[in-house]
Amino acid sequence: MDHLTFRFELAQQLRVDSVRASSAAGSGHPTSSMSAADLMAALLDGHLRLDFDHPEDPRNDHLIFSKGHASPLYYSCLKAVGAIDDAELLTFREFGSRLEGHPTPVLPWVDVATGSLGQGLPIGVGLALTAQRLDRLPYRVWVLCGDSELTEGSIWEALEHAGHEQLDNLIALIDVNRLGQTGQTMHGWDLDAYAARAHAAGWRVLQIDGHDPEQVEAALKDAESGDGRPVAVLAATKKGKGVAEVEDRPGFHGKPLVHPEEAIRELGGSRDLRVTCAKPTGDEVPHVFAAPGGGLPAFEPGTEVATRKAYGEALRALGDRRGDVVALDGEVSNSTFAELFRDAHPDRYFEMYIAEQQLVAASIGMQVRGWVPFASTFAAFLSRAYDFIRMAAVSRANLRLMGSHSGVSIGEDGPSQMALEDLAEFRAVHGSTVLYPCDANQTVQLVAEMADRDGINYLRTTRGATPVIYEPGEEFPVGGSRVVRDGDDVTLVGAGITLHEALGAAETLAREGIQARVIDLYSIKPVDVDALRRAAAETGGLVTAEDHWPEGGLGEAVLSALAGTGAPVRVLAVRGMPGSGTPAELLGQAGIDAPAIALAAREMVAV
């Protein structure tokens, strides 16, 4: 058969297999898959350069289904290229199957989990940046987007950033099928509305009939001729294309077809076509950055240094020691001190501006290719990207995030800038690591440990300078703690700013004849269960203090560790809405400063 006929037949096969897989599962999104079948048939047949036998090849193109609910289409594509067989296709959504309801990296060809809409394109921006500035390889990043997700703010962060960075290796295939889950989308088939926004962000826009093979082929060929601009192919399509019962009709979103056998016959019956994707050519290898080496920074005990500054110093040193470390920041690098890395390693620094979703998404894209990203901003603002962080865990991504300016101790800026939820947020992420250093030397060691840890790693830092209490080079293993002061009467547990308040309280108590043990619980997750249980057995109880709401933070980590022991625990945390004031005033008002900790300890000892 001729080329266009093969494309048509392949697209019909993709539709049929999407119907079959969804029907076998009894659930899924066949109609959302059917609208984009012509786009994917053309992409597989001559444009996507991806060796499915060697998905780890660094020269491969990357394909991201931002509309992850169209997973039947994606899995049908895998069958068409021979990556899976028909028997596995029909295990879609079964318990234990690799073909989950939305794609995840359980499959070696899937870079990131999708399904939470608005994420694929921002992550694609991260991969395209990686290709141009880190790997320095000519692979392309293809992202299939749905029109419903174009209302997500993260999509517009991605459009802005891709245009600003002139990522002409990024191609968005936008399936404008008009219908969302409950009715027509905001703009329906008004391609001009979408085009105007993309043009304004610096994209090249191609508007086509997404079911016309000649127009699709011309658009993909044009998209590959880079001119310094990312490309958006706006394809007008019909949901449920090819089956009269569902085509362009509302009410069928997320449902298997009612009459699948009739639909398959209408689509021309089952086929078993195979398509061989083009493989990457050339002998290019990923770029390697020079790493001259050097030691980690060291700070003199007795001095005062902000842990956020120590983070910047440590990150710069890591960049000297490791060429795979990269840094990203959300336009606050002079506050997070990521600017120290920027000045030392400008080729590996990425300014993401005030776009925290894109900040995290770019980090996810970079780690796909094995780079080691550290992303920093104010801790409070990471909450805007929480869905990306949550989904990064589903993607089995390895991230290192730093949140500065945490808690009431930031002072006069007031509650809009005070992260009081971040420990709870990150503790709730699957497999996460949550660290909260109290001094500069501890910060340095924890930053170095984060570089080698898998999963979602979060470091909470303090705005103000705190005393350096540890010697340079002391080790602080993740999951550990440190007894900073010994005592048998009561245990005071703090981290970050409250560790110093706990030490002040212990001094006061000692003058009254009460010997307080002070534990630096720098690892909030995983938490040092053994040390806490030992303290509960050897002292009269524990007082915890945290610059955080009581829900989900340090206190609840301690309570969880001591569950079933019956040990008395008094949790001091921020319970009233703070305002502006000096750090000392706000710590006092919240009842987490040294006098408040000492008072709680006295009451516990007196019981």
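Regarding ALA218, is this residue out of contact with any Lys or Arg (no Cβ under 7 Å at 6 or more places or on another chain), among the aliphatic types (A, V, I, L, M) and surrounded by fewer than 20 Cβ atoms within 10 Å (Cβ to Cβ)? Taking the combined requirement at face value, the residue satisfies it.
Selection of the stretch 18-55 for residues being without any contact (Cβ under 8 Å) to a residue 12 or more places away in the chain and under 26 Å from the mean Cα position of the chain (by Cα) yields only HIS54.
The residues listed here are LEU73, LEU78; of these, the one that is surrounded by 24 or more Cβ atoms within 10 Å (Cβ to Cβ) and either among the aliphatic types (A, V, I, L, M) or within 28 Å of PRO122 (Cβ to Cβ) (or both) is LEU73. GLY226: surrounded by fewer than 21 Cβ atoms within 10 Å (Cβ to Cβ), within 22 Å of ALA128 (Cα to Cα), in the same structural domain as HIS164 (by TED's automatic domain parsing) and not hydrophobic (A, V, I, L, M, F, W, C), yes or no? When the stated conditions are applied, GLY226 passes them. For the stretch 484-494, filtered to residues that are surrounded by 15 or more Cβ atoms within 10 Å (Cβ to Cβ) and either touching a Ser or Thr at 6+ places or on another chain (Cβ under 9 Å) or hydroxyl-bearing (Ser, Thr, Tyr) (or both), the residue that is farthest from ALA536 (Cα to Cα) is GLY494.
Listed by position, the strands (runs of 3 or more DSSP E) enclosed by the stretch 390-484 that each have at least 1 residues that are over 15 Å from ALA495 (Cβ atoms) are 399-404, 456-460, 465-467.
As for the stretch 302-317, it holds no residue that is of a type outside the set (A, V, I, L, M, F, W, C), free of Cβ contacts under 8 Å to residues at least 24 places away in the same chain and over 29 Å from ALA385 (Cα atoms). Considering ALA291, ALA306, the condition of being over 18 Å from VAL372 (Cα atoms) and either more than 24 Å from the chain's Cα centre (by Cα) or among the acidic types (Asp, Glu) (or both) is satisfied by ALA306 alone.
Candidates in the stretch 435-458 are the residues that are charged (D, E, K, R) and closer than 14 Å to TYR522 by Cα; of these, the one that is surrounded by the most Cβ atoms within 10 Å (Cβ to Cβ) is ASP439. Looking only at residues that are closer than 15 Å to LEU503 by Cα and not in a helix (DSSP H, G or I) in the stretch 592-607, which one is farthest from the chain's Cα centre (by Cα)? Selected residue: ASP593. Residue under question is ALA235, and the condition is that it be crowded, with 16+ Cβ neighbours inside 10 Å, touching a strand residue (DSSP E or B) at 6+ places or on another chain (Cβ under 8 Å) and in the same structural domain as ARG140 (by TED's automatic domain parsing); does it hold? It is true that ALA235 is crowded, with 16+ Cβ neighbours inside 10 Å, touching a strand residue (DSSP E or B) at 6+ places or on another chain (Cβ under 8 Å) and in the same structural domain as ARG140 (by TED's automatic domain parsing).
For the stretch 6-13, the criterion of being assigned by TED's automatic domain parsing to the domain that holds GLY240, in a helix (DSSP H, G or I), under 22 Å from VAL176 (Cα atoms) and under 32 Å from the mean Cα position of the chain (by Cα) is met by none of the residues. Any residue that is closer than 20 Å to THR462 by Cβ and crowded, with 23+ Cβ neighbours inside 10 Å - is there at least one of those in the stretch 532-541? Checked the stretch 532-541: no residue is closer than 20 Å to THR462 by Cβ and crowded, with 23+ Cβ neighbours inside 10 Å.
Suppose the filter is β-branched (Val, Ile, Thr), touching a Pro at 6+ places or on another chain (Cβ under 7 Å) and assigned to a loop (DSSP other than H, G, I, E, B); does VAL110 pass it? So VAL110 fits the description; yes. From the list LEU129, LEU117, LEU121, the lone residue that is within 18 Å of the chain's Cα centre (by Cα), surrounded by fewer than 24 Cβ atoms within 10 Å (Cβ to Cβ), assigned by TED's automatic domain parsing to the domain that holds SER32 and in contact (Cβ under 8 Å) with a residue 12 or more places away in the chain is LEU117. Filtering the stretch 459-476 to residues that are under 25 Å from GLY294 (Cα atoms) and crowded, with 20+ Cβ neighbours inside 10 Å leaves LEU459, THR461, VAL468, TYR470, PHE476. Looking at GLU313, GLU331, GLU300, GLU351, just one residue is surrounded by 19 or more Cβ atoms within 10 Å (Cβ to Cβ) and among the acidic types (Asp, Glu), and that residue is GLU313.
Identify, from the list ALA561, ALA573, ALA557, the residue that is touching a residue at least 40 places away in the same chain (Cβ under 8 Å), within 16 Å of GLY494 (Cα to Cα) and crowded, with 20+ Cβ neighbours inside 10 Å. On inspection, the qualifying residue turns out to be ALA557. Criterion applied to HIS345, HIS405 was being assigned by TED's automatic domain parsing to the domain that holds ARG460 and either of a type in the set (D, E, K, R) or surrounded by 24 or more Cβ atoms within 10 Å (Cβ to Cβ) (or both), and the one residue passing it is HIS405.
Residue by residue, here is whether (1) under 19 Å from SER76 (Cβ atoms); (2) of a type outside the set (D, E, K, R); (3) more than 31 Å from the chain's Cα centre (by Cα) holds:
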{"residue": "VAL216", "(1), (2), (3)": "yes, yes, yes"}
{"residue": "ALA223", "(1), (2), (3)": "no, yes, no"}
{"residue": "ALA232", "(1), (2), (3)": "no, yes, no"}
{"residue": "GLU266", "(1), (2), (3)": "yes, no, yes"}
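Applying the criterion of being acidic (Asp, Glu) and outside any helix (DSSP H, G or I) to the residues of the stretch 507-536, the residue that is farthest from the chain's Cα centre (by Cα) is GLU512.
The values are calculated or read from the model by the stated rules, or taken from the named source; none is laboratory data. On a predicted model such as this, the values are computed, not experimentally measured, just so you know. Every residue, glycine as well, gets a Cβ built from its backbone with ideal geometry; the counts of neighbours run over all protein chains shown.
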